[in-house]
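Worksheet: one structure, shown below.
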Amino acid sequence: VGMALDASSIYYNPAGLTNIKGFNLVFGTTLIMPTVDFTGPNPLTTKTTTVARTFTPINFYGAYTLDDSWTVGIGVFNPFGLGSEWPDGWIGKSLAGKTELRTFYFNPTVAYKVNEYFSVGVGFSYVISSVSYVLATDIPQLAASLPAIPNQKINLEGTGDPGFTYNFGFQFKPNDVFSFGFSYRHSVELNFSGDLTFPNLPASPPYTTLFPSGKGKAQLIMPYDMRMGVSVNATKNLTINADLMFVGWESYKNFVVDFEKNSSVWPDLLIPKQWESSFGLKLGGEYRIKDLALRAGYVYDGSPIPSKYMDPSLPGANRNEFTLGVGYQFTPNIRADAAYQFIAFSNTISDSKIPFNGKYENSTNLFGFNLGFNF
């Protein structure tokens, strides 16, 4: 947030766009490979591991300097998403099977350099989204002639109406050593509409009466995100950065789905979440050797999920994360960057209101790649 030197400033701090010259383009992806083990519920003897998945959020940023004061740009990125997938028929199938949320932010931005020390930036976001939520249940024998149906899938698929939000930022550079930044991205309301289906369920009463397929609606409010940071050029070749981050996850109180059709055994869906605002700290350093940049960092990422409301769709805990990175300037106009991040946590739940007590153990590897062009 304090450093903000290229077109990716559109996300981190839009005021940083005034630091570029000419046309700047940055794009890439991150490969996110999470693994979660759950042991429980009680006694803590049965272990289940999530299905191996690789998530690939993308980023694309382009910016152009109009004159000595004004810079414009646009970014496309996935700030919220991911999910989880548990094996078919696992012990928590009625709470989570396959969960996935996808969001794309299209973020045109403009920045203005007030003077040699101070810059401001503001952006507008158009947000598209989709959600997939798969559960399973065991349907008992409803009559002598009707067999029980184990592991009946319940599929919810929805597409969000376009959402709109804004962001802004400031950057203050009193000298060549220090740079201070602040950025804010507002919350956005996403309204989903979609379909509820019960795959392979017999298409006859009483099954279709008790488990009616149909339309459904849901709402999610993505949180606001406030950050402040400082960048220090400790030496000619060494830069140190620190960021504080506050995310307003209190917007996620309940997951509610309003179905067009209900029955005595299939009401509207109401899953309490009761998430809380979270705090994060980021520390990092970059050391430059001619065209080579070596980077390392540490992240403390506070969990917004109260233990008593945690479920296996997206378990969490306060996390300590470690990063390594490298960048190389191939020519004055072309550079490449790569990064690795490791995340791990362990969280034992003993006071669940769901109820679903047990132990979650997470290990996640992330590999990021970017190309940058400047003309």
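Quick look at the values:
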| item | result |
| --- | --- |
| The listed residue being open to solvent by less than 50 Å² (accessible area, probe 1.4 Å) and either hydroxyl-bearing (Ser, Thr, Tyr) or in a loop (DSSP other than H, G, I, E, B) (or both), out of LEU196, LEU201 | LEU201 |
| Only one of PHE279, PHE322 that is at pLDDT 95 or above, open to solvent by 50 Å² or more (accessible area, probe 1.4 Å) and under 30 Å from ALA218 (Cα atoms) | PHE279 |
| Elements of type strands (runs of 3 or more DSSP E) contained in the stretch 243-343, each with 3 or more residues being farther than 30 Å from PHE198 by Cα and within 26 Å of the chain's Cα centre (by Cα) | 278-289, 292-301, 319-329 |
| Selected residue (only one of GLU100, GLU85 is open to solvent by less than 40 Å² (accessible area, probe 1.4 Å) and without any contact (Cβ under 8 Å) to a residue 40 or more places away in the chain) | GLU100 |
| The stretch 211-233, subset open to solvent by 50 Å² or more (accessible area, probe 1.4 Å) and in contact (Cβ under 8 Å) with a residue 40 or more places away in the chain, residue farthest from TYR166 (Cα to Cα) | SER213 |
| Verdict on TYR117 being surrounded by fewer than 18 Cβ atoms within 10 Å (Cβ to Cβ), under 30 Å from ASP176 (Cβ atoms), without any contact (Cβ under 8 Å) to a residue 60 or more places away in the chain and of a type in the set (Ser, Thr, Tyr) | yes |
| Every residue from the stretch 131-152 that is touching a strand residue (DSSP E or B) at 6+ places or on another chain (Cβ under 7 Å), touching a residue at least 40 places away in the same chain (Cβ under 8 Å) and surrounded by fewer than 18 Cβ atoms within 10 Å (Cβ to Cβ) | SER132, THR137, PRO150, ASN151 |
| Test set (1) part of a strand (DSSP E or B); (2) over 21 Å from GLY97 (Cα atoms) - VAL36 fails condition number | (2) |
| Candidates THR18, THR45, filtered to the one that is out of contact with any Asp or Glu (no Cβ under 6 Å at 6 or more places or on another chain) and open to solvent by 60 Å² or more (accessible area, probe 1.4 Å) | THR45 |
| Residue, nearest to VAL51 (Cα to Cα), within the stretch 328-375, restricted to residues that are of a type in the set (Val, Ile, Thr) and surrounded by 13 or more Cβ atoms within 10 Å (Cβ to Cβ) | THR364 |
| Pick from the stretch 234-253, criterion open to solvent by 60 Å² or more (accessible area, probe 1.4 Å) and not charged (D, E, K, R), ranking: nearest to GLY163 (Cα to Cα) | PHE246 |
| Test: residue in the stretch 50-68 that is out of contact with any helix residue (DSSP H, G or I) (no Cβ under 9 Å at 6 or more places or on another chain), within 27 Å of ASN262 (Cβ to Cβ) and open to solvent by 30 Å² or more (accessible area, probe 1.4 Å) | no |
| Complete set of residues in the stretch 73-82 that are in a strand (DSSP E or B) and open to solvent by 20 Å² or more (accessible area, probe 1.4 Å) | ILE74, VAL76 |
| Test for LEU95: is it closer than 26 Å to LYS353 by Cβ and in a strand (DSSP E or B) | no |
| Qualifying position, being of a type in the set (A, V, I, L, M), touching a residue at least 40 places away in the same chain (Cβ under 8 Å) and under 30 Å from SER346 (Cα atoms), among LEU25, LEU31 | LEU31 |
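The values are calculated or read from the model by the stated rules, or taken from the named source; none is laboratory data. Since we're looking at a predicted model, the values are computed, not measured. Here the Cβ is made from the backbone with ideal geometry for all residues, glycine too, and neighbour counts use every protein chain on show. Just the protein is used for accessible areas: all its heavy atoms, side chains included, with ligands, DNA and RNA removed. Shrake-Rupley method; radii C 1.70, N 1.55, O 1.52, S 1.80 Å.
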